Every structure is written in C-alpha cells, then in structure tokens.
C-alpha cells in the first residue's frame, strides 16, 4: 500500500495560525504514571540489592542471563576486537568522525574550560578553578536502536575534559552486541562497559553496586524508562538533560533543491513517530515543490511508515510573509536542529537566537552534524534551547571559585561584609569580617 504524508499546511497570514501552530508544537514531557511507578520500584530495588537486582532485571527485560554482573562487563580486549573486526570503511569512518569531534571539543575546552585568576589593586586574588569530574556514566541505546555516534558524542568530550573514568552501559537484548557500538567505545576511550540497560542501568550508575561503580554524572539518550530514571536520580548525580522527540526546522528561501529539503525533513521524521519536522518558507510555490518531493520520495524510504506518521502527526509546511518572520517563528520554536537553507545563510543567522544547533547553507545537512561535522549532536529539545545548550566539555567539568584576600584587601572588604551581615541579622558573619580589621580587638 502506498503511504501518503498529508503534512499540515499552515500560513502565518491566517487568522487561526497561532492556534493551529501551538497545537502542532504541543508535546507533553510528562511521563506515564505507570512508567514512573515502575521506574521508582526498579531504582529502589537496585539501590537496596545492587548486583542481584541488576541481574534480575537484565534477565527479565533483555533476556540475558548471567551469574554475576562481572559477566556483563565488556573487556578492553573485546572492544578492540570489535573495532578490528568491522569493515575497513567503518573503521575509517569512525576514526575520522572521532577526530573531528575531538578537535571541536578541544577547541571548546580552550575557549571556555580553563582556570583563570587575577589580583586586584590591594593584592586580593580572585579567580576560577576548573576541574573535571572524576567519573561519568554514558547511556547508549541498544536493541532496535544502536547508535555508535552517541558513544562518540558522549565519551569524547568527557575524555577531552579530563574525566578519570568513563563507564558505558548499553543493553544487548538476548546478548546481541552491536559491533559498531563496541568499536566506537574503543575509539572514544571508554574505560569500562557493561551490557546493562534500562532504568536498572541508570540506578546502578547513580547508586553504585558491588560491581558497577557509582558515577558523578549520567549522560546519553534512552527510552521513556531511562528518561524517567534520569529525572529521579538527579540530585544524587548530575544528568545532561531529559530529551524529548527529535526535531528539525528548515528555514528555506526557495533556492535549495526541494528534494534536499524533503530528505532533510525525513531525516528526523524517521527517528520516531513523535519526531517533528517543520519547514518555514515565504515562497508558496516552493512549498508545493517540497510537498511534491515528499510525495515522490516517501515510499522509497525503508522507514516510510514511521516518516509518514511523524509528518502526519507533528509535521508542518508553513508559509510565512518573509524570511524575517520565519526567523521570528523559529525563535518561538527554539528547535533542536535548525537548518538555514538559503543562498545567503549568514544574512539570517544574526536573527536566530534559540536553537540547539544551527546549520548554515544548503550543503549543510543536519545528518552531517549527527555524525561527523564535529559539534556535539546531543542537543536540547522541546523548546529547551531557550535556556540550555548542547552537550559539551563544560558538562564534564565543574568550577570552583578562588578567593585569596590580602591583609590590605580585608580592610576594604571587611566593613562592607560586616554592614551587610548585620543587616541580615547574621552577627557571627559580621564579627568574622571585623576581627580581621586593623585596630579591632578580637
């Protein structure tokens, strides 16, 4: 049966645009109550029983039986063997992508991840000390979805940041290991890896078990159970974000081949039925051309059914009055991936404030960013790009303030601190500052 994508057609000139637009954007991040309760039970069980609980859930959910969690650990020799066993073309692609990702994050570290300090006129030293986290956990999806690119994007910035240990967890239903994921772990410098997934893997990383060490932060995507577990363990450990369905927004001026734009919309729609693909364009005839490309290309795609459901349920082709208006709407959406498919992309880039990643120009497909351009592909979704950033070196570092007050500096700062402390009713604070003033008796 031929599939059809009846993607919503909207116009900003319509009096009902705002209502239709908001309805198209709506996605609830609230987890199902049954999932939340199940996850809470799993977390509590793993926290109490450790390895035994991990083994029980791994057998139940992944059909993978083992007598000890140690049997679920992948050795460095296994990771290396997986790398050496994959086709040469895949090895070369992994290494090339890893090098570009590493180079980008090394530049990022130099730009924002270094310690600094200065002394003011009275000799007081003020600064910031940047140190890496000791140990992080990265969750990598397994089973139907296997993403070696996620291994690179999570492990490499942690490695560049100087994290001491990188612990990877990846589900392997019925013991089926994805060789490319294991090879990526070898290339990215993963320290230890366990074939454990789901909420039980998140719990093991957060609380530690007899075999799996507790980490300081957990990053990486997963299903609804993984997302709910990350939300619940936040505070015990850090997390990167709670990711929603994937998104792409294309701003087009009508100069890019319509087949290219149609395929870019497909590239996110094929992830998930809830994924969102939106085109904003002031050229109505061009929107018609993109729709024709969608109709012609859809049934050539192996994941055509998922693409059609995504486009029908959450996709939109929006006719705008101008590119300026398209940019303003883009800022309202704050998309995960934003393509500026325009002859002069740099003309519009200054108008764009909110996006996880901005892809400039017709030749910059979002898929290049997913795999090998260099910047991280772990991006904020569901409008959270308004206040959050892509995963980066800074997510695997922490900052400590440095303060060294000289004797002269204490004479300047002491009265100020004391005055404010008395105003807050905190006399010990005030007295501690005053004791360091010359001529004041202790």
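The values are calculated or read from the model by the stated rules, or taken from the named source; none is laboratory data. This one's a predicted model, so the numbers in the text were calculated from it and none came from an experiment. Cβ coordinates were reconstructed from backbone atoms using ideal geometry, including for glycine residues, and neighbour counts include every protein chain displayed.
What tally of residues in region 58-80 results from selecting those that are assigned to a loop (DSSP other than H, G, I, E, B) and farther than 16 Å from residue 199 by Cβ?
6
Has region 236-256 got any residue that is out of contact with any helix residue (DSSP H, G or I) (no Cβ under 9 Å at 6 or more places or on another chain) and on the phi > 0 side of the Ramachandran plot?
Within region 236-256, none of the residues are out of contact with any helix residue (DSSP H, G or I) (no Cβ under 9 Å at 6 or more places or on another chain) and on the phi > 0 side of the Ramachandran plot.
If I filter region 297-312 for residues that are in contact (Cβ under 8 Å) with a residue 24 or more places away in the chain, farther than 23 Å from residue 13 by Cβ and in contact with a strand residue (DSSP E or B) (Cβ under 8 Å, 6 or more places away or on another chain), do I get at least one hit?
Within region 297-312, the subset in contact (Cβ under 8 Å) with a residue 24 or more places away in the chain is 297-299, 301, 303-312.
This time we only want the ones that are farther than 23 Å from residue 13 by Cβ, so: 297-299, 301, 303-310, 312.
Adding the requirement that they be in contact with a strand residue (DSSP E or B) (Cβ under 8 Å, 6 or more places away or on another chain) leaves 310.
So far as region 297-312 goes, yes, one or more of its residues are in contact (Cβ under 8 Å) with a residue 24 or more places away in the chain, farther than 23 Å from residue 13 by Cβ and in contact with a strand residue (DSSP E or B) (Cβ under 8 Å, 6 or more places away or on another chain).
Given the conditions (1) over 24 Å from residue 390 (Cα atoms); (2) in a loop (DSSP other than H, G, I, E, B), which single one is not true for residue 244?
(1)
So, in region 167-206, how many residues would count as being part of a helix (DSSP H, G or I) and either closer than 20 Å to residue 233 by Cβ or not assigned by TED's automatic domain parsing to the domain that holds residue 105 (or both)?
Pass one, region 167-206, residues part of a helix (DSSP H, G or I): 173-175, 179-188, 198-206.
Pick out the ones that are also either closer than 20 Å to residue 233 by Cβ or not assigned by TED's automatic domain parsing to the domain that holds residue 105 (or both) and you get 198-206.
Summing the residues that are part of a helix (DSSP H, G or I) and either closer than 20 Å to residue 233 by Cβ or not assigned by TED's automatic domain parsing to the domain that holds residue 105 (or both) in region 167-206 gives 9.
Taking the criterion of being over 14 Å from residue 153 (Cβ atoms) and touching a strand residue (DSSP E or B) at 6+ places or on another chain (Cβ under 7 Å), would at least one residue in region 407-427 satisfy it?
Initially, region 407-427 is screened for residues over 14 Å from residue 153 (Cβ atoms), giving 407-427.
Subset that is touching a strand residue (DSSP E or B) at 6+ places or on another chain (Cβ under 7 Å): none.
Scanning region 407-427 turns up no residue that is over 14 Å from residue 153 (Cβ atoms) and touching a strand residue (DSSP E or B) at 6+ places or on another chain (Cβ under 7 Å).
Inspect region 50-57 for any residue being in contact with a strand residue (DSSP E or B) (Cβ under 8 Å, 6 or more places away or on another chain), in a helix (DSSP H, G or I) and within 13 Å of residue 210 (Cβ to Cβ) and give the result as yes or no. Show your work before the answer.
At the first step, the residues of region 50-57 found to be in contact with a strand residue (DSSP E or B) (Cβ under 8 Å, 6 or more places away or on another chain) are none.
Within region 50-57, none of the residues are in contact with a strand residue (DSSP E or B) (Cβ under 8 Å, 6 or more places away or on another chain), in a helix (DSSP H, G or I) and within 13 Å of residue 210 (Cβ to Cβ).
Do we have any residue at all in region 85-105 that's in contact with a strand residue (DSSP E or B) (Cβ under 9 Å, 6 or more places away or on another chain) and either surrounded by fewer than 20 Cβ atoms within 10 Å (Cβ to Cβ) or within 26 Å of residue 197 (Cβ to Cβ) (or both)? I'd like the intermediate steps shown before the answer.
Of all residues in region 85-105, those in contact with a strand residue (DSSP E or B) (Cβ under 9 Å, 6 or more places away or on another chain) come to none.
The answer is no; no qualifying residue exists.
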